[in-house]
Structure formats: structure tokens, C-alpha cells
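Enquirer: Before we start, here is the structure in question, set down as C-alpha cells.
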Amino acid sequence: MPNTPPSGPTSHSYFSQRLRLHYVDWGNPSAPPLLLVHGGRDHCRNWDWVAQALRDQYHLIAVDLRGHGDSAWALGSSYPLSDFVYDIEQLIRQKHLAPVTIMAHSMGGAISLLYAGAFPETVAKLIAIEGLIWSIEDLKKYEASPAAKRIGGWVEQLHKLSSRLPRRYENIESATARMQEENLRLTPEQAHHLTVHGLIQNEDGTFSWKFDNYMRARAPFAPNSADVRELAGRVACPTLLVGGDQSFVPDPAKTGALALFPNAKNVIIPGAGHWVHHDKLAEFLAVVRDFLK
């Protein structure tokens, strides 16, 4: 499978909670819709290799989540998952995509699983790559922490972020090197492509990442373990959970999370880390095509 990105898609925008959000459309509007949702501190063009492989069979739309890519940043926000769920609902509603197939990674996978549980009738199939970023046990530990402690920790995070300046890189090459540090499995071509689309040039000529640093703060109140169990049980569509055997995210079959979903299949791809669709693209696409056919 070549790593050279294809000719690009077209850029569009839509509004959600008064924010102008960005997405790219790969064409083929008469085909079944497939929505691509990236992870935290990522952007919509991370899907380019997947989109190139599937664009002839599907109408592919890849969204930039709020605070990411070319979408607006939410002022005064800790970016709770519920706001992202709303943004996805608005895109699907405004563009008349339902019933839609969703493919999502990491935080985007968590968002899409919550969305599919809240609006099961709108999702035809769901592929979540490393989407179970918190286990039920993790959530229970978080809930066991006193509310005052959680709020205090959140406030302290925001204080630190308020004085944190976006990192500046002298050139694209130095930013690409940082990208490869984050995922050593990337080829130089992949790292360069992801970096070029993930940077914005500052007025002084330096470069910074497009995502909002306030994404790093965890809101003090989030879906609890009971909420997650309820919503997972409502995901009615065929669901594919994909992970890498070298990832920090635990295997959902071993944590018991797989059993929460009534119609889910779990696949762990050998040799892949957290970014399965970058690390083992050919193997990932084979699994996806088998699931979608």
C-alpha cells in the first residue's frame, strides 16, 4: 500500500453552537456516506490514506473537531465529550447523512460510540479504532475522587494552560521530527504529510500546531460508568473495535468492555500501536473491507 497521499478533497464548513467547523469531502455523493472522525490533537487529513482506498465505494466526509485543524476554537471551554457529540449530530443532521457509517480514532472513537448510543437509529455501522480510551474501572476510579478534588484539579490545569504558549517551530522539518517522535512507526512521507496539514504559520514565520492547548484539560464532570454502560448497550449497529497489540490502550476483550456492546466484534492487529490505520494500513483496510462488505 503506497504512502503517497492522493489528490486532495474539497474543504467545507458548517456551524455548531455558533462555531464555524471544517470538514473535507472526498466526492462520490451518490455512494453510501462514511464519516471519518479523528482523535485528540489531530486533524481531518490524517485519514487521507484510508480515504484514498475507500473513496470509490463511499461518500467520505472527514471532520475537523472543534479546537482542531481548521475548525474554530471554543472559548471558555474544557472541550467536554458532550460538545463533540453535538457537533457530530449537527453535521449528520445538516448534511442529511443518516443512516451513516462512522469510522473514528481514539477520542473520536469515544465520541462516536457515545453518539451511536444516543442516536442508534442514525448509524448504519461503526468502526472505532482504539476508541475505548477509558475503561469502566478507570471511570469508577475517577468517580470515586471527591468532586471538590476534581474541580480543584481542573482549575489548576486551566491556570497552567492559561500561561502556556503554543510551541513554535523554526521550520516544517523540525515539526516533522516532533511528529515522528510521537509515532516512531510513521514513514518519513507519512510524518511530513501529517505535519504539513497539522501546522499553521505564525506572523513571524514560525509554525505551530493547529489544535487548541485547552484540549489538554479534563473537565471535572464527564460521562460516568453507568452512563457508559447504558449508552454502550444502546449501540444497535454492527460495531468493529480495532486495536493494536503494541498500544497503550488495553484490549477491550480483556477489560470486559467488549461485552458492553450488543453487536460488536474486536480485532487486534499485530505490530500496530495506537495509530493502527497509519502503522498497519494494508492490514487495517483488509479488516475494514471485510466488515463493511
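Enquirer: Taking region 66-90, which residues are in contact (Cβ under 8 Å) with a residue 60 or more places away in the chain, surrounded by 19 or more Cβ atoms within 10 Å (Cβ to Cβ) and under 23 Å from Leu194 (Cβ atoms)?
Expert: Gly67, His68, Gly69, Tyr79, Asp87
Enquirer: Is there any pair linking a residue in region 159-170 that is among the aromatic types (Phe, Trp, Tyr) to one that is assigned to a loop (DSSP other than H, G, I, E, B), with Cβ under 8 Å and at least six apart or on different chains, and which?
Expert: Close Cβ pairs (under 8 Å, with a partner that is assigned to a loop (DSSP other than H, G, I, E, B)) amount to Tyr169/Thr206.
Enquirer: Given the conditions (1) farther than 27 Å from Gln157 by Cβ; (2) not in a helix (DSSP H, G or I), which single one is not true for Ala232?
Expert: With respect to (1) farther than 27 Å from Gln157 by Cβ; (2) not in a helix (DSSP H, G or I), Ala232 is out only on (2).
Enquirer: Please enumerate the residues belonging to region 244-265 that are within 30 Å of Thr187 (Cβ to Cβ), surrounded by fewer than 18 Cβ atoms within 10 Å (Cβ to Cβ) and either β-branched (Val, Ile, Thr) or in contact with a Pro (Cβ under 7 Å, 6 or more places away or on another chain) (or both).
Expert: Asp245
Enquirer: While we're here: Can you tell me which residues in region 152-189 are within 30 Å of Phe221 (Cα to Cα), under 23 Å from the mean Cα position of the chain (by Cα) and assigned to a helix (DSSP H, G or I)?
Expert: Matches in region 152-189: Trp154, Gln157, Leu158, Leu161, Glu182.
Enquirer: Hey, another quick one. Hey, could you check region 81-119 for residues that are assigned to a loop (DSSP other than H, G, I, E, B) and more than 26 Å from Val276 (Cβ to Cβ) and say which is farthest from the chain's Cα centre (by Cα)?
Expert: The first filter runs over region 81-119 and keeps only residues assigned to a loop (DSSP other than H, G, I, E, B), leaving 95-99, 106, 119.
Now narrow it down to the ones that are more than 26 Å from Val276 (Cβ to Cβ): 95-96, 98.
Numbers: Lys95: 20, His96: 21, Ala98: 19 Å.
This residue is His96.
Enquirer: Suppose we filter Leu158, Leu199, Leu184 for residues that are more than 26 Å from Ala264 (Cα to Cα) and out of contact with any helix residue (DSSP H, G or I) (no Cβ under 8 Å at 6 or more places or on another chain); which single one remains? Lay out the reasoning, then the answer.
Expert: Numbers: Leu158 fails: out of contact with any helix residue (DSSP H, G or I) (no Cβ under 8 Å at 6 or more places or on another chain); Leu199 fails: out of contact with any helix residue (DSSP H, G or I) (no Cβ under 8 Å at 6 or more places or on another chain).
So the residue among Leu158, Leu199, Leu184 that is more than 26 Å from Ala264 (Cα to Cα) and out of contact with any helix residue (DSSP H, G or I) (no Cβ under 8 Å at 6 or more places or on another chain) is Leu184.
No lab work stands behind these numbers, since they all come straight from the coordinates. Computed from a predicted structure; not experimentally measured. For neighbour counting, all protein chains shown are included, and Cβ atoms are generated from backbone atoms with ideal geometry for every residue, glycine included.
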